[in-house]
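Step one of this worksheet: look at the structure below.
The values are calculated or read from the model by the stated rules, or taken from the named source; none is laboratory data. Just so we're clear, the structure is a prediction, and the values are computed from it rather than from any experiment. Methodologically, a virtual Cβ is constructed for each residue, glycine included, from the backbone with ideal geometry; neighbour enumeration extends over all protein chains shown. Remember, those area values only see protein heavy atoms, side chains included, never the ligands or the DNA or RNA. Shrake-Rupley method; radii C 1.70, N 1.55, O 1.52, S 1.80 Å.
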Amino acid sequence: MTRLQAVDLSVGYGDRSVVTDLDLAVPDHAITTVIGPNGCGKSTMLRALGRLLRPTVGHVVLDGRRIDEISTKQVARELALLPQAPIAPEGLVVRDLVARGRHPRQSWLRQWSADDEQVVAQTLDWTAMTDLADQPVDQLSGGQRQRAWIAMALAQQTDLVLLDEPTTYLDLSHQIDVLDLVRRLNSEHGRTVVMVLHDLNLAARYSDHVVAMRDGVIVAAGPPAAVITPDLLREVFGLDALVIDDPVTGKPLVVPIGCV
């Protein structure tokens, strides 16, 4: 049994159903990427996994327990969720943003400690943000800002990290920078990562496991080579494409031909 699962999950907004009868077992200690066209339910599913949305049917299981039966603080000690395009309060500096990741570890009996200070310093160093620790978050470049938010998530010291479109609005070099950081998070620290990406080639390159969605359901799930195929791209995206071996990684590389 994996640590994080969705069981018969249906989620929506008001009367509108977005995700329907979905089952997902997130592989432990791996990078899972969710792909699919706009509006297919990727972010909705991720928000439900992170307990930001309450399912209309079914439930999410964390460590063998229904996540809605676990306290908010305990969930935050096990699972970090970085939403799409987060916004920091004006003037908040990087160090203080990262320190917010320690809040789930605080209590009346355990206030801010030297251990918390050390975690923040280590996280800033690990994400290459130490030199920017005193800079306001809203004055950073897009890539720097995203690294700062990821640093805050890492400061929670959770084994599960959910990232909703962490490369949105970034140019290619900054996208690679952020995804290299995600891969290090997994390979060097053993964190389980679930992220939503739009770029199919980046999804293939950086993932151990790919989940393809369309119209609120999972169409396919498995290793990149098993999921990212011409037939799948035609079915899910309406895209006619060649899929060849990436000359750098050997993983699938999508070469679009046109829309079906």
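Worth pointing out:
- Matching residues, the range 67-83, being surrounded by 14 or more Cβ atoms within 10 Å (Cβ to Cβ) and in contact with a strand residue (DSSP E or B) (Cβ under 8 Å, 6 or more places away or on another chain): 67, 70, 75, 78, 79, 80, 81, 82, 83
- Within the range 187-196, tally of residues that are open to solvent by less than 60 Å² (accessible area, probe 1.4 Å) and modelled with pLDDT under 95: 2
Residues checked against (1) open to solvent by less than 60 Å² (accessible area, probe 1.4 Å); (2) farther than 24 Å from residue 221 by Cβ; (3) among the aromatic types (Phe, Trp, Tyr); (4) more than 16 Å from the chain's Cα centre (by Cα):
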site	(1), (2), (3), (4)
137	yes, yes, no, yes
140	yes, yes, no, yes
147	yes, yes, no, no
160	yes, no, no, no
169	no, yes, yes, no
198	no, no, no, no
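- Residue, least open to solvent (accessible area, probe 1.4 Å), within the range 84-98, restricted to residues that are more than 20 Å from the chain's Cα centre (by Cα) and over 22 Å from residue 118 (Cβ atoms): 91
- Across the range 171-185, the number of residues qualifying as of a type in the set (Val, Ile, Thr) and open to solvent by 10 Å² or more (accessible area, probe 1.4 Å) comes to 1.
- Only a single item in (1) among the small types (Gly, Ala, Ser); (2) more than 15 Å from the chain's Cα centre (by Cα); (3) open to solvent by less than 60 Å² (accessible area, probe 1.4 Å); (4) modelled with pLDDT of 90 or more is not met by residue 226, and it is number (3).
- For the range 38-55, a tally of residues being surrounded by 15 or more Cβ atoms within 10 Å (Cβ to Cβ) and on the phi < 0 side of the Ramachandran plot returns 12.
- All positions within the range 14-31 that are outside any loop (DSSP other than H, G, I, E, B) and either surrounded by fewer than 19 Cβ atoms within 10 Å (Cβ to Cβ) or touching an Asp or Glu at 6+ places or on another chain (Cβ under 7 Å) (or both): 16, 17, 20, 21, 23, 25, 31
- Any chance residue 101 is surrounded by fewer than 18 Cβ atoms within 10 Å (Cβ to Cβ) and modelled with pLDDT under 95: no
- Any hit, the range 65-79, residues being assigned to a loop (DSSP other than H, G, I, E, B), more than 17 Å from the chain's Cα centre (by Cα) and not β-branched (Val, Ile, Thr): yes
- The helices (runs of 4 or more DSSP H) located wholly in the range 149-260 that include 1 or more residues which are under 23 Å from residue 99 (Cα atoms) occupy 172-189.
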